[in-house]
Amino acid sequence: MQRMGTAPAADVLIDTEFTLNGERIRASVEPRKSLMRFLRDDLGLMGTKDGCGSGDCGTCAVIVNGKREDACTYLMRRTNGAVIETIDGLAEPNGRLHPIQAAFLHKGAVQCGFCIPGMIMATKALLERNPDPSEDEIRAGLKANICRCTGFQPIFDAVKQAAEWMRDPDAYDDWEPTYGPMGTSAVLVDGVQSVQGKLPYADDLTVPGMLHGKVVWSEHAYARILSIDVSEAAQAEGVHRVLTAEDVPG
């Protein structure tokens, strides 16, 4: 019997079936696993970025059943029967960018690009709900998404441009990314990758046999650490090594 309020055992799996970017997905998963971790770890879809893991920054925003959701807090137990869209499936199969992706490039709304996949998916959810938003409505629609370097005005301008192109697709047909020397109106050299979520960051890199680190925090907010016994943790299955302050020179 499970006590009231306790989580199910980690090894208890549930079956789920949902549509992801138009493809039917069936999986047996831990019910409390986040959609973000499933996308990145199980499917290798790195377009949905891990910015905070707590639903505070919007970097991992996706669309579930037409609604913007933070994939880091959306649990897999909720996915059965859902229709999920991520940045990975937004561009056309022939590589043609979605008008929202193009608008972010056109208006210079991309710098480091880390927050852009989530920003673009939040924009898509907004424009599907409101095809011609005012700037106040754009601000409200993107209020849960944080940009760390671009500044928000180019992003608001990009949303307005995307709305215009989506209402009038003919106006978008002639747009192509331009590149050139200083003084020309050019997109970032890696901008097309950025708006598709394909620009790799450190957390997106994988190699065979790589190890994963896990930080273990103290259970006490204020305490003096007299000693740390790592013997039990070091013998746990799958643990390669336990590191403490003693392993840090200086």
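Being open to solvent by 30 Å² or more (accessible area, probe 1.4 Å) and over 23 Å from SER185 (Cβ atoms), is that true of even one residue in the range 115-124?
no
With respect to the numbered conditions (1) at pLDDT 90 or above; (2) out of contact with any Ser or Thr (no Cβ under 9 Å at 6 or more places or on another chain); (3) open to solvent by less than 60 Å² (accessible area, probe 1.4 Å); (4) among the small types (Gly, Ala, Ser), which one is the sole condition not fulfilled by GLY180?
In the conditions (1) at pLDDT 90 or above; (2) out of contact with any Ser or Thr (no Cβ under 9 Å at 6 or more places or on another chain); (3) open to solvent by less than 60 Å² (accessible area, probe 1.4 Å); (4) among the small types (Gly, Ala, Ser), GLY180 misses (1) alone.
Just need a number here: residues in the range 164-193 that are in contact with a Pro (Cβ under 8 Å, 6 or more places away or on another chain) and not aliphatic (A, V, I, L, M).
The total comes to 5.
Taking the stated definitions as given, is VAL192 closer than 29 Å to GLY51 by Cα and not in a loop (DSSP other than H, G, I, E, B)?
Spelling it out, VAL192 is indeed closer than 29 Å to GLY51 by Cα and not in a loop (DSSP other than H, G, I, E, B).
Considering each residue of the range 57-69, count those that are in contact (Cβ under 8 Å) with a residue 40 or more places away in the chain and out of contact with any Leu (no Cβ under 9 Å at 6 or more places or on another chain), and give that number.
6
Within the group ALA140, ALA109, ALA144, which residue is open to solvent by less than 40 Å² (accessible area, probe 1.4 Å) and aliphatic (A, V, I, L, M)?
So the residue among ALA140, ALA109, ALA144 that is open to solvent by less than 40 Å² (accessible area, probe 1.4 Å) and aliphatic (A, V, I, L, M) is ALA109.
Look through ALA186, ALA158, ALA202, ALA162 and report the one residue that is over 22 Å from ASP88 (Cβ atoms) and hydrophobic (A, V, I, L, M, F, W, C).
ALA186
What number of residues in the range 205-228 are hydroxyl-bearing (Ser, Thr, Tyr) and closer than 21 Å to LYS49 by Cα?
Of the residues in that region, 1 qualify.
Within the group ARG32, ARG24, which residue is open to solvent by 30 Å² or more (accessible area, probe 1.4 Å), part of a loop (DSSP other than H, G, I, E, B), modelled with pLDDT of 95 or more and among the basic types (Lys, Arg)?
When all the criteria are applied, what remains is ARG32.
Filter the range 195-212 down to residues that are part of a loop (DSSP other than H, G, I, E, B) and surrounded by 10 or more Cβ atoms within 10 Å (Cβ to Cβ) and give me whichever is farthest from the chain's Cα centre (by Cα).
Taking the candidates together, the pick is THR206.
Residues being in contact with a helix residue (DSSP H, G or I) (Cβ under 8 Å, 6 or more places away or on another chain), of a type in the set (A, V, I, L, M) and part of a loop (DSSP other than H, G, I, E, B): count how many of those fall in the range 52-101.
Matching residues across the range 52-101 total 4.
Conditions (1) under 30 Å from ILE63 (Cα atoms); (2) among the polar types (S, T, N, Q); (3) open to solvent by 100 Å² or more (accessible area, probe 1.4 Å); (4) within 23 Å of the chain's Cα centre (by Cα), marked per residue:
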| position | (1), (2), (3), (4) |
| --- | --- |
| ASP136 | yes, no, yes, no |
| THR150 | yes, yes, no, yes |
| VAL159 | yes, no, no, yes |
| LYS214 | yes, no, yes, yes |
| GLU219 | no, no, yes, no |
| TYR222 | no, no, yes, no |
| ILE228 | no, no, yes, no |
| ALA233 | no, no, no, no |
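The values are calculated or read from the model by the stated rules, or taken from the named source; none is laboratory data. Note that this is a predicted model, so its numbers are computed, not measured. Neighbour counts are summed over all protein chains in view; Cβ atoms, including those assigned to glycine, are modelled from backbone coordinates with ideal geometry. We work out accessible area using only protein heavy atoms, side chains counted, and drop any ligands, DNA or RNA first. Shrake-Rupley method; radii C 1.70, N 1.55, O 1.52, S 1.80 Å.
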